[in-house]
Amino acid sequence: TVFRMSESSDDEETAPGDAAPLLGFAAPAAAPGSLLRNHFPQKLGGTPAWLDPVYLPLADTLVCPVTHKPLRFLLQLYAANSDEPYAFHRSLYLFISPSGASLTRERAVRAFRCQLGRENSFYPFQPPIEGDLPRALTRHEAGIARARCPLWAAAVVREARECEDQPIVELEADGQLTEQALQESGAAAEPTASTEVADASGAAAAESKPYPEYELLIEPEPSAEEGASADQEVARLLQQFRQRAAAPTQGGDTADTASAAAEEAAVAPAEATAKAATTADDDDDDDDGGGKEEALTDAEMLGAANADPRLHDFNAFTARLGRAPQQCVRYCDEEGARPLWASRSGRAPQPPPACELCGGPRRFEFQVMPQALHYMQVDSSADDAPDWATIAVFTCASSCQLRPQRPSDQLLQAPAGVAASAATVGMRVMFTGLQSRADLNGSVGTILSWSRESSRWAVQVDGSGEQLRLKPSNLSLADGSAEPIGGGYAEEYVWVQPQE
């Protein structure tokens, strides 16, 4: 399912800025392989299915600035909502800090946008057929991915293990550039934040597994009337739960029954336990003929909400969520769309910061709801467990054309560590001043990696695919190398509203 607002339901009238959203619900994958990258998946948890599997975000952009640990992948959406030919395919990715206490800190939660034209080097022109596998990357492509982000490139690098490319030719130096040298940009440079990410990747994997993986199924938000019907069904299920809780049980307890009620009534186990406790109190009251305070009447609750705007906002938030209690994601890219906030405090600044690439405005596109925490199997009792009222993501309103993340010209010179060399990987360069291969002067190639030992760049020649190792003085930034060429990832703006 593709997020396209033209598919959304318009059964009820919506005020400006209150456009009807699409909702994402977590469910087991529909078919084996359906969450592979060539099927353009939408999912919660697992590992990223990178739309561009080569020009990955740089490693240091996927590290929490507070804990200095790798960010954890939360979800991705396939949001092909642009009419621009360079954005026929469009995916959004969200990562969060492993520290729940850090989520409201700057860049502790990060979102990335990736786009590709319909004609690209990774996917066929026609839609995929069930069971299709993604094209395996060449060793050249896998080397770029590994150099840019060794932690998250593991999956795409595995696809390239059986691929073979031409041997690399050594120029103006002795010896051969081996496959190991191709990987030096990610393994043999001075220690930096990025190398720490690479070195810690094994420990990080052992320390915290990916969140459980679910497919995100997309449906329009129910109308208020449909939501009321759903509330009645939840009430019916909870009534069944009360009856089971009142009946004698063998080998069971309230927590087990609460968990079953949670599954049926689409609420988290903790919420069901609370309901069970409340129900038990109510039943005790009935048996004893009273003795405890009665619940507030609707009128009293309305009066309390009017007296406290925070309660009013939270009631509106929970009432809207009540239309579809299992929703993990709300999506709407219509002009004027805005997040559903849980309170008046802790909201994102308006307008959000402009797009760093084009300078144009950003607009709200999607938000993550608290129910996602249930599917993430978060232990809410842990001191540093993630928690939020909502996470809102704002993206470039024009879905501007991307370019792989590259450094400035000065980093064609000896790069200071793996971060600089990884940033240079994929840069388009022109050959100049070659003596033994003067026929290549003026030709263009792509940087593959940096060899610290020989202080040379490994470069692949356009057209022939020949691979050379050259001094920085024999390279210059190619004409048009700063122009957008598609692919790559651009960071977008994220705001976390905490629970109060």
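The values are calculated or read from the model by the stated rules, or taken from the named source; none is laboratory data. None of these values were measured; they are calculated from a predicted model. FYI the Cβ positions are ideal-geometry reconstructions off the backbone, even for glycines, and counts take in every protein chain you see. In case anyone asks, the SASA skips ligands and DNA or RNA and just uses the protein heavy atoms, side chains included. Shrake-Rupley method; radii C 1.70, N 1.55, O 1.52, S 1.80 Å.
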- Of the residues in segment 201-230, those that are open to solvent by 80 Å² or more (accessible area, probe 1.4 Å), farther than 21 Å from residue 63 by Cα and either modelled with pLDDT under 95 or not in a loop (DSSP other than H, G, I, E, B) (or both) come to 219, 225, 226
- Query: Which one of the conditions (1) modelled with pLDDT of 90 or more; (2) at positive phi does residue 172 fail to meet, given that it meets all the rest?
  - Reply: (1)
- Query: Has segment 67-84 got at least one residue that is in contact with a helix residue (DSSP H, G or I) (Cβ under 6 Å, 6 or more places away or on another chain), crowded, with 20+ Cβ neighbours inside 10 Å, assigned to a loop (DSSP other than H, G, I, E, B) and without any contact (Cβ under 8 Å) to a residue 40 or more places away in the chain?
  - Reply: yes
- Query: Quick check, is residue 417 at pLDDT below 90, touching an Asp or Glu at 6+ places or on another chain (Cβ under 6 Å) and either more than 30 Å from residue 350 (Cβ to Cβ) or crowded, with 21+ Cβ neighbours inside 10 Å (or both)?
  - Reply: yes
- Item | Residue count for segment 444-458, restricted to those that are at pLDDT 90 or above and of a type in the set (Phe, Trp, Tyr) | 1
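Select from segment 85-96 the residues that are buried (at least 19 other Cβ atoms within 10 Å of the Cβ) and in a helix (DSSP H, G or I) and write down the one among them that is farthest from the chain's Cα centre (by Cα).
Of segment 85-96, the ones buried (at least 19 other Cβ atoms within 10 Å of the Cβ) are 86-87, 89-96.
Subset that is in a helix (DSSP H, G or I): 86-87.
Values: 86: 21, 87: 18 Å.
Checking each candidate, the answer is 86.
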- Message: Being assigned by the TED database to the domain that holds residue 82, open to solvent by 30 Å² or more (accessible area, probe 1.4 Å), out of contact with any helix residue (DSSP H, G or I) (no Cβ under 9 Å at 6 or more places or on another chain) and closer than 21 Å to residue 46 by Cα: is that true of residue 367 here?
- Response: no
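Out of 361, 352, which single residue is surrounded by fewer than 21 Cβ atoms within 10 Å (Cβ to Cβ) and more than 20 Å from the chain's Cα centre (by Cα)? Before the answer, list the steps.
Working: 352 fails: more than 20 Å from the chain's Cα centre (by Cα).
Going through 361, 352 in turn, the sole match is 361.
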- Query: For segment 152-163, does any single residue satisfy the condition of being at pLDDT 90 or above, closer than 30 Å to residue 494 by Cα and open to solvent by less than 60 Å² (accessible area, probe 1.4 Å)?
  - Reply: no
- Note on the structure: Of those in segment 423-435 that are closer than 12 Å to residue 471 by Cβ and outside any strand (DSSP E or B), the residue least open to solvent (accessible area, probe 1.4 Å) is 434
- Close pairs from segment 306-320: first surrounded by fewer than 17 Cβ atoms within 10 Å (Cβ to Cβ), partner modelled with pLDDT under 75, Cβ under 7 Å, at least 6 apart: 311/304; 311/305; 312/305; 312/306; 315/305
